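Working notes, beginning with the structure itself.
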2 protein chains.
Amino acid sequence: MGLSNHFELTATDGGARTGRLTTPHGVVRTPAFMPVGTAGAMKGVHWREVREAGADIVLGNTYHLMLRPGAQRIADLGGLQKFTGWGGPMLTDSGGFQVMSLADLRKVSENAVTFRSHIDGARVELSPERSIEVQRLLGSDIAMQMDECVRLPAERADIERAMQLSLRWAERSKRAFETAPPGYMLFGIAQGGDVPELRHASARGIVDIGFHGYAIGGLAVGEPQAVMLAMIEEVVPHLTADRPRYLMGVGTPEDLLEAIRRGIDMFDCVMPTRNGRHGVAFTRHGQINLRNARHADDPRPLDEASEWPATRDTARAYLHHLVKSGETLGAMLLSEINIAYYQRLMRDVSEAVSKGTFADFYERTKADWARGDIAPR
Amino acid sequence: MGLSNHFELTATDGGARTGRLTTPHGVVRTPAFMPVGTAGAMKGVHWREVREAGADIVLGNTYHLMLRPGAQRIADLGGLQKFTGWGGPMLTDSGGFQVMSLADLRKVSENAVTFRSHIDGARVELSPERSIEVQRLLGSDIAMQMDECVRLPAERADIERAMQLSLRWAERSKRAFETAPPGYMLFGIAQGGDVPELRHASARGIVDIGFHGYAIGGLAVGEPQAVMLAMIEEVVPHLTADRPRYLMGVGTPEDLLEAIRRGIDMFDCVMPTRNGRHGVAFTRHGQINLRNARHADDPRPLDEASEWPATRDTARAYLHHLVKSGETLGAMLLSEINIAYYQRLMRDVSEAVSKGTFADFYERTKADWARGDIAPR
């Protein structure tokens, strides 16, 4: 209860919002897409490119960083922002989700999850309190409560059990965070799978506990987009309007646009870099697969109207060649092109919301994507 | 005979030289180290970083490019400089060396080498004439004659046979190059293994044929450094002083410094990027292996006096973490750090030669390397 508010809502337009979140390492403009630097690095992208692309905040994974190089080491080196050279705001997850997807021999109890490290097999225990301790050692501007996320589809009883456990962990996380210095933030997470009543109960539960911001977890875990959007609609009315709302692990540009329309302010996803490594570009014309032979002799760039140099100036034929040859530069260029596209989309949304033209922007952007790529030549 | 000269020697100091080589795509300051962009890309390094590091010219491999994406395709897309977006001068090798090291079922005859592509198994024939044709399609500012390179140690008879064949191929290459537009250059290559008389004969042979510049091939192929340097001393007096001299496939910073002292102007090597991918940095303090645990907690940069941002600002602890974690960013940072160090070394040599202080510079640089890395903390 009564946690200080660092979020300033500067405009709304229908459900869409734009604002500013002030963190110890700088201001984050919202809507914000956080590129994912799992182990303290963005795969294939220099930090200066992340910054130039317009990202204000990035995400680091607590699970990876606690195992290597270790949270205490990062604390001794001045925190994650200084250690990596990124310097700007960083959000870290609790580590819980990665334990479930990456670690061996994991076991969930009321108190904690125990697992074996996927790096060296060491036995590790991660409790809500330990997760907060690790995230504070990392120096995260925004820490996340530990929760349990259930893959969908799942039985209602399993979803409810995980949701109730996550609420108890939310309370413990908040207590563990009480001594954090001012300005640092802790977000609670609403769970509840694809069951509206459980989503309502979870959202009310975390708001009652009180956090600096509220996340929606347990989506983009196998359900159709329509289910994800329906769940956002179930949760958002139960969250307080003056705090930032963060949809975890999402998604495609279309997912983002739809979620923003329903009141979401923050996102993270590996998609821009992962798809970039697989030869796929996100553009104004939708997704473009550079492996396709139609690009082999095409001297045109992905989008001649883009303000991002690599998007505007690199020949499709060259990108095709790099991807086909397995050259690192292909993954590097497509990853930065994708991060820049996501950031540009966030800036365009913000401008449209400020001007009250979000509905137009939404229709125009969806039409551009639907029209697809320029004709081959 | 009588090929136009595009090289201007601006200063000499002992054996060391500095000058300018004017190509159709720009001026190359010498001594020049050419980073290797094998398949039309520098591994892990953006072109803008190559340029900012001070490289005026890069090398592309004809063997790789003719197989994928194909020489005619690159010609149709405006040549290698435009295709890649590098824009600056490019030298290509003849393809012969890579055929010997990478292709399957290769067979050397008087007329040509035939081989199977390592990419798709296709049967390919590469003659001196075809090599020139391919390099002209690529748009190379500097083409290399096709030669046969013998791994050392080797029998004298084998070395002599390959050297004589290379001379006959030199004549055929020059003839095939006759219709090239003005400004584009063709370099001859001196072979002869580790046999002084064969080196003399080969050098005189290519000078008699007459090229825009002269290369020394068949070194850095397994022989000790002392043998390499001795062979440079045997060859250089037989090359005309007004043309650029290029030592192929070399080498460490120390190799470069020693070769420059003996009159070499140009180099190429994969070492900066390859060693970077293996966690090794080239610095003023010599080679530094970032895998070493001594760096794990060290917040200091590789060289706080460097003017290259990544060398001066990145914590050793972070580089160590990236290398240990297999993060692409580690290879990316170390590759650009190494390219920047090589380029800086070339600029420092040029300045010392211009001022007549090369001997001092040589001693000071070797002493810095010998002193090794800063003390651990």
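Of all DSSP beta bridges located in the protein assembly as shown, what percent are antiparallel, nearest 5?
Values: 44 of 88 bridges.
Roughly 50 percent of the DSSP beta bridges within the protein assembly as shown come out antiparallel.
A full extension of the chain between A:Thr22 and A:Arg48 corresponds to an added length of 7.3 nm, given 0.36 nm per residue minus the alpha carbon distance. Neighbouring Cβ atoms from other chains, within 10 Å of the Cβ of residues in B:39-48, number 5 on average.
Each label point was placed 7 Å from the Cα along the Cα-to-Cβ direction; for B:Arg291 and B:Glu155 their separation is 3.9 nm.
Only Cα pairs under 8 Å and 6+ residues apart enter the sum, and on that basis the relative contact order of chain B stands at 18 percent. Straight-line reach from B:Lys355: taking Cα to Cα under 22 Å and skipping same-chain neighbours fewer than 8 places apart, the lysines in range are B:Lys366. Please report the spacing between the Cα centers of region B:348-377 and region A:32-73 in Å, no decimals. Cα centroid of region B:348-377 versus Cα centroid of region A:32-73: 37 Å apart. Each part reduced to its alpha carbon centroid, region B:159-192 and region B:224-275 end up 19 Å apart.
Calculate the FRET efficiency for A:Asp242 and B:Gln72 from the Cβ-Cβ distance with a Förster distance of 60 Å, rounded to the nearest 0.05.
With a Förster radius of 60 Å, E is 0.45.
A label point on B:Gln287, set 7 Å along the Cα-to-Cβ line, lies at 4.3 nm from each of its counterparts in the other copies, closest listed first. A dipole drawn for the protein assembly as shown from +1 and -1 charges on Cβ atoms has a positive end, and of A:Met228, B:Gly78, A:Phe267 the residue lying farthest that way is A:Met228. Note on region B:90-219: dipole from Cβ charges, positive end direction compared against B:Ile159, B:Tyr184, B:Asn111; the farthest Cα belongs to B:Asn111.
How high is the FRET efficiency from A:Asp368 to A:Glu233, r the C-beta distance, R0 30 Å, rounded to 0.05? Mind showing how you got there, number by number?
Working: r = 25 Å, r/R0 = 0.83.
That gives a FRET efficiency of 0.75.
Relative to the longest principal axis of the Cα atoms of chain A, helix A:156-176 runs at roughly 80 degrees. With the label put 7 angstrom out from Cα along the Cα-to-Cβ vector, A:Ser4 ends up 7.1 nm from the copy partners, going from closest to farthest. With kT/(6 pi eta Rh) evaluated at 20 °C and eta = 1.002 mPa s, and Rh the Kirkwood radius from Cα pairs, region B:172-300 diffuses with a coefficient of 130 µm²/s according to Stokes-Einstein. Helix B:358-371 axis versus longest C-alpha principal axis of chain B: approximately 60°, rounded to the nearest ten.
Using only C-alpha positions, report the orientation-averaged shadow area of the convex hull of region A:102-165, nm², one decimal. Present the calculation step by step, with values, prior to reporting the outcome.
On the way: hull surface 21.2 nm².
Average of the hull's projected areas for region A:102-165 equals 5.3 nm².
Please get the size of the charge dipole for region B:33-157, origin at its Cα centre, with Cβ charges of +1 on Lys and Arg and -1 on Asp and Glu, quoted in debye to the nearest 20.
Numbers: 14 positive and 15 negative charges, 62 e Å.
Using only the charged Cβ atoms, the result is roughly 300 debye.
Each listed q (0.14, 0.18 Å⁻¹) maps to a log10 I(q)/I(0) for region A:58-136, found by the Debye formula over equal Cα scatterers with no solvent: -0.44, -0.71. Rolling a 1.4 Å probe across the protein heavy atoms gives the protein assembly as shown an accessible surface of 37 Å² per residue.
The charge dipole of region A:217-309, taken about its Cα centre with unit charges on the Cβ of Lys, Arg, Asp and Glu (plus for the first two, minus for the last two), comes to roughly 220 debye.
The solvent-accessible area of B:Met248, taken with every protein chain present and a 1.4 Å probe, is close to 40 Å². Amide H contacts of A:Leu186 (H built 1.01 Å from N, in plane; Pro and chain starts excluded): A:Ala143, A:His212, A:Gly213 sit under 5 Å, all sequence-distant by 5 or more or on other chains.
Scaled to the globular estimate 2.2 N^0.38 Å, the Cα spread of region B:54-202, given as radius of gyration, is 1.05.
List the accessible area buried at the contact between B and A, summed over both sides and calculated with a 1.4 Å probe, in Å² to the nearest 100.
On the way: alone 15370 and 15400 Å², together 27970 Å².
Approximately 2800 Å², summed over both chains.
The angle between the Cα long axis of helix A:316-325 and the longest principal axis of the Cα atoms of chain A comes to about 60 degrees, rounded to the nearest 10.
In this assembly of identical copies, the label point of B:Asp158 (Cα plus 7 Å along Cα-to-Cβ) is separated from its counterparts by 6.4 nm, sorted shortest first. Divide by every residue of the protein assembly as shown the summed helix terms, -39500 (n - 2.57) for each DSSP H run of at least 4, and state the resulting mean residue ellipticity at 222 nm, rounded to the nearest 500 deg cm²/dmol. Calculated from helices alone, the mean residue ellipticity at 222 nm is -13000 deg cm²/dmol. Taking the square roots of five times each eigenvalue of the Cα gyration tensor of chain B, the equivalent ellipsoid has semi-axes of 33, 24, 20 Å, listed largest first. Shown for region A:69-137: the carbon plus sulfur share of the solvent-accessible area, taken with all protein chains present and a 1.4 angstrom probe, equals 47%.
Given the Cα atoms of the protein assembly as shown, and with Rh set as the inverse mean 1/r over their pairs in the Kirkwood sense, what is Rg to Rh to two decimals? List each step's numbers first, then the result.
Working: Rg = 29.8 Å, Rh = 28.5 Å.
Across the protein assembly as shown, the Cα-based Rg/Rh ratio is 1.05.
Remark: C-alpha extents of region A:259-377 on the principal axes read 44, 29, 21 Å, sorted largest to smallest. When the Gaussian network model of chain B links Cα atoms closer than 10 Å, the mean-square fluctuations of B:Gly286, B:Gly85, B:Gly218 top out at B:Gly85.
Tally the DSSP beta bridges in chain A and give the antiparallel ones as a percent, rounded to 5.
Working: 22 of 44 bridges.
Given both bridge residues lie in chain A, the antiparallel proportion sits at roughly 50 percent.
Note on A:Ile119/B:Ala180: beta-carbon distance plugged into 1/(1 + (r/R0)^6) with R0 of 60 Å gives a FRET efficiency of 0.60. For region A:316-343, heavy-atom accessible area (probe 1.4 Å) falls by no less than 40 Å² from the chain alone to the full protein assembly at A:Tyr318, A:His321, A:Glu327, A:Thr328, A:Leu329, A:Met332. Loop-located GluC sites (Glu not before Pro) in region A:239-315 (DSSP state other than H, G, I, E, B) with a sparse environment of at most 16 neighbouring Cβ atoms within 10 Å: A:Glu304, A:Glu307.
Placing +1 on each Lys and Arg Cβ and -1 on each Asp and Glu Cβ, with no other charges, gives chain B a dipole about its Cα centre of roughly 600 debye.
The values are calculated or read from the model by the stated rules, or taken from the named source; none is laboratory data. Just so it is clear, the structure is predicted and the values come from calculations on it, not from any experiment. All Cβ positions, even for glycine, are placed from backbone atoms using ideal geometry, and neighbour counts span all protein chains on display. Surface areas here come from the heavy atoms of the whole protein model, side chains and all, with no ligands, DNA or RNA. Shrake-Rupley method; radii C 1.70, N 1.55, O 1.52, S 1.80 Å.
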